[in-house]
1. If you go through the stretch 90-108 one residue at a time, do you hit one that is over 28 Å from ASN37 (Cα atoms), among the aliphatic types (A, V, I, L, M) and out of contact with any strand residue (DSSP E or B) (no Cβ under 8 Å at 6 or more places or on another chain)?
2. Please name all residue pairs, on different chains or six or more residues apart, with Cβ atoms under 9 Å, provided the first residue is in the stretch 120-140 and is in contact (Cβ under 8 Å) with a residue 40 or more places away in the chain and the second residue is of a type in the set (Phe, Trp, Tyr) and in a helix (DSSP H, G or I).
3. Take the stretch 86-103 and flag every residue that is of a type in the set (A, V, I, L, M, F, W, C), crowded, with 16+ Cβ neighbours inside 10 Å and modelled with pLDDT of 90 or more.
4. For the stretch 147-161, give me the residue count where each residue is under 18 Å from ILE45 (Cα atoms) and part of a strand (DSSP E or B).
5. Check off (1) at pLDDT below 95; (2) surrounded by 11 or more Cβ atoms within 10 Å (Cβ to Cβ) for ASN113 and give me the number that stays unchecked.
6. Please determine, by comparing only the residues of the stretch 28-70 that are over 20 Å from ASN109 (Cβ atoms) and among the small types (Gly, Ala, Ser), which one is surrounded by the fewest Cβ atoms within 10 Å (Cβ to Cβ).
7. Can you tell me how many residues within the stretch 64-73 are within 18 Å of the chain's Cα centre (by Cα) and either free of Cβ contacts under 8 Å to residues at least 12 places away in the same chain or closer than 20 Å to ASP51 by Cα (or both)?
8. Failed condition for HIS71, given (1) out of contact with any strand residue (DSSP E or B) (no Cβ under 7 Å at 6 or more places or on another chain); (2) at pLDDT below 90, with all others met?
Amino acid sequence: MRKLYMLVLAVLLTSPLTLFAQKTGTSKYKCMIQMTNYMGEGAYIAVSLIDSKDAYVKTLYILGQNKKWYHDLKEWHKFQSKNTDNISAITGASVTGGDRSVGVIEIDNAKINAGYKIRFESAVEDQKYNVKDLEIPLTTEALAGKSEGTGYIRYVRFSAI
């Protein structure tokens with residue numbers, strides 16, 4: 001009986017710590033982007049954390065490594081020009097029509113279910129610019145599903161790592 005009591009006590013004492021740890025750390029997600037079958041050059045895509053006032057908070061991932069084309073992602077570029085974070089560790093190759101890309105993004109757990117969203121901004125050379133190709137509410141439900149894009153992105157799917 002004493003062992004059972006100690007086990008229950010241990011669970012009760014560590015549960016709040018576990019919940020606190022889950023809220024305060026970061027989580028990594030695989031982010032798979034499937035592109036539509038458009039014709040043209042590879043798309044540059046900025047994946048950003050956006051707050052409830054529609055302001056950029058953080059760059060999560062960039063597809064397209066050549067900095068000279070970042071200005072084509074107009075709204076993100078305005079934010080990044082002021083922010084000047086080193087994004088070299090979160091960049092990957094641009095992605096062409098019909099292809100898919102898989103990258104890893106890291107999200108602050110405190111931002112999940114707190115009114116934030118993830119914006120996918122896309123641009124292709126000499127073609128239409130999509131400031132909101134896709135916006136996903138940063139909720140546990142949305143991170144578990146598939147979200148449809150409106151421009152060059154057909155859909156995006158996340159999976160926790």
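1. To start, the set of residues in the stretch 90-108 that are over 28 Å from ASN37 (Cα atoms) comprises 106-108.
Narrowing further to those that are among the aliphatic types (A, V, I, L, M): 107.
After this cut, where a residue has to be out of contact with any strand residue (DSSP E or B) (no Cβ under 8 Å at 6 or more places or on another chain) as well, the list is none.
The answer is no, given that none of the residues of the stretch 90-108 is over 28 Å from ASN37 (Cα atoms), among the aliphatic types (A, V, I, L, M) and out of contact with any strand residue (DSSP E or B) (no Cβ under 8 Å at 6 or more places or on another chain).
2. GLU121/TRP76; ALA123/TRP69; GLU125/TRP69; VAL131/TRP76
3. We begin by selecting, within the stretch 86-103, every residue of a type in the set (A, V, I, L, M, F, W, C); these are 87, 89-90, 93, 95, 102.
Okay, now just the ones that are also crowded, with 16+ Cβ neighbours inside 10 Å, so 87, 90, 95.
Across the stretch 86-103, the qualifying residue is only VAL95.
4. Of the residues in the stretch 147-161, the ones under 18 Å from ILE45 (Cα atoms) are 147-158.
From what is left, the residues that are part of a strand (DSSP E or B) are 147-148, 153-158.
Result for the stretch 147-161: 8.
5. That leaves (1) as the condition not met.
6. Looking at residues that are over 20 Å from ASN109 (Cβ atoms) and among the small types (Gly, Ala, Ser), I get ALA55.
7. Residues of the stretch 64-73 within 18 Å of the chain's Cα centre (by Cα): 64-65, 70, 73.
Pick out the ones that are also either free of Cβ contacts under 8 Å to residues at least 12 places away in the same chain or closer than 20 Å to ASP51 by Cα (or both) and you get 73.
Here the count works out to 1.
8. All conditions pass for HIS71, except number (2).
The values are calculated or read from the model by the stated rules, or taken from the named source; none is laboratory data. Please read these numbers as outputs of a predicted model, since none were measured by experiment. Neighbour counts are summed over all protein chains in view; Cβ atoms, including those assigned to glycine, are modelled from backbone coordinates with ideal geometry.
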